[in-house]
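The block underneath contains the structure these notes are about, expressed in C-alpha cells.
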Amino acid sequence: MENGDIERAGRLILAGKYVVSLTGAGISVESGIRPFRGPGGLWTEYGEPPMNGYQRFLADPKASWERRVKREGYNRELHEGLRKAQPNPAHYALAELEELRVLRYLITQNIDNLHRVAGSKKIAEIHGNLSKLRCIQCNSRYEPEEISLETLPPRCPRCGGIIKGDTVMFGEPIPADVLEVCQEEVSKCDCMLLVGTSAFVYPAAGFPWQVKGKEGMLIEVNPYETELTPFCNISLRSKAGEVLPRLVECIKVKLQETGSPL
Ligand code: APR
C-alpha cells in the first residue's frame, strides 16, 4: 500500500455527499476477536455452523437456552474473547470521522458492542448485539439484568413473547426495524467505506453492490483481497487499526486546508 492510496481514499471520502461505513469481524481482530473466515477464522477452524440455527431455536427454545447458559465449543471461545475485548484504534477512528461529520452512518455486522464503546452513535448493528436480549414477537430489546432466567425460555414482560439473545442466528430474519434503517442509510449513500468484511453474508453483503449500482464509490480496508476488491475504487491492503488512524489524520489535514471547522 502506497502513501498515495491513503491520500486518494481521503479525497474520495471528502468528495462523498453521504459516506456510510460497513464493518465486519476484521475490524475487531486487533481487539483479540477472531474473524469467522479466512486466516485464523473461527469457521475455518470449527467449520461453518448449521444454517438453520434459528429453526432449531424455535423447535426447542428451552434446550437452546440451556445450551446458551452452559456455553460450549466455539461459543465459549467467542464469548470469552468478546467479554475481554476493548476497542482498537480502528473503532476510535470511525467514531472520530462521525464526530467530524465526515461519516454519516455506520452499519456493523459485529455483535461485540465495540463501536458503541468507542463512541459511535449513528450506528446499526445488523446482526444484533451480544450484550442485549430481544423478544422475537415485539422486537423489544432488554439488558440481561432485566430478564429473569428462572424459567426457560424467558418471556417478554411487554407481550409475553419468547426472549432470545439479540444476536441474529443463521436462518433468522434481520429484525425489521434494523433492516429498515440500514436500507434507508444505504439509499442515501454515495461512498461506502468497507472495513474488515469478506462481504459474504446477505443482506449486508448486498449493500456495497447497491452503492456500486448507482455509481457510488467503494473504499475497502482489508489486509487480504476479497470478492469485492476488483469492484472497489481503492482497496487499502492493510490492517484497519494501522490504516484508519492515518486516514483520519489525512482527512483532518484536508479539512483544515479548506478551512472547515474541525
Ligand atoms: N483489519 C481489517 N480487516 C481484517 C483484519 C484487520 N486487522 N484481519 C482480518 N481482516 C479481514 C479478513 O481478511 C476478512 O476478509 O476481515 C474479514 C473478516 O471476514 P469474516 O470473518 O467473513 O467476517 P464478516 O465479513 O464480518 O462476516 C459476516 O458472517 O459468520 C457470519 O454473523 C457472522 O457477522 C458475521 C458475518
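The values are calculated or read from the model by the stated rules, or taken from the named source; none is laboratory data. Just so we're clear, the structure is a prediction, and the values are computed from it rather than from any experiment. Counting neighbours? That spans all protein chains shown, and the Cβs are built from the backbone with ideal geometry, glycine included.
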Within the range 226-262, take every residue that is over 18 Å from LEU12 (Cβ atoms) and more than 19 Å from the chain's Cα centre (by Cα) and give me the one that is farthest from the ligand (Cβ to nearest atom).
GLY259
I'd like to verify a number: residues in the range 98-115 that are assigned to a loop (DSSP other than H, G, I, E, B) and either within 13 Å of the ligand (Cβ to nearest atom) or more than 29 Å from ASN139 (Cβ to Cβ) (or both), how many?
7
Picking from SER28, SER64, which residue would you name as being of a type in the set (S, T, N, Q) and either surrounded by fewer than 18 Cβ atoms within 10 Å (Cβ to Cβ) or more than 12 Å from the ligand (Cβ to nearest atom) (or both)?
SER64
List every residue pair whose Cβ atoms lie under 8 Å apart, where the two residues are 6 or more positions apart in sequence or sit on different chains, the first residue falls within the range 164-186 and is under 16 Å from LYS122 (Cβ atoms) and modelled with pLDDT of 95 or more, and the second residue, located anywhere, is assigned to a helix (DSSP H, G or I) and small (Gly, Ala, Ser).
CYS182/ALA204
Considering only residues that are more than 14 Å from PRO175 (Cβ to Cβ) and either at pLDDT 95 or above or assigned to a strand (DSSP E or B) (or both), which ones fall in the range 134-144?
GLU143
Of ALA95, ALA118, ALA90, the only residue that is of a type outside the set (Ser, Thr, Tyr), within 13 Å of the ligand (Cβ to nearest atom) and surrounded by 15 or more Cβ atoms within 10 Å (Cβ to Cβ) is ALA90
Taking the range 34-52 and keeping only residues that are over 22 Å from GLU227 (Cα atoms) and either near the ligand (Cβ under 10 Å from one of its atoms) or loosely packed, with under 14 Cβ neighbours inside 10 Å (or both), one is left with PRO50
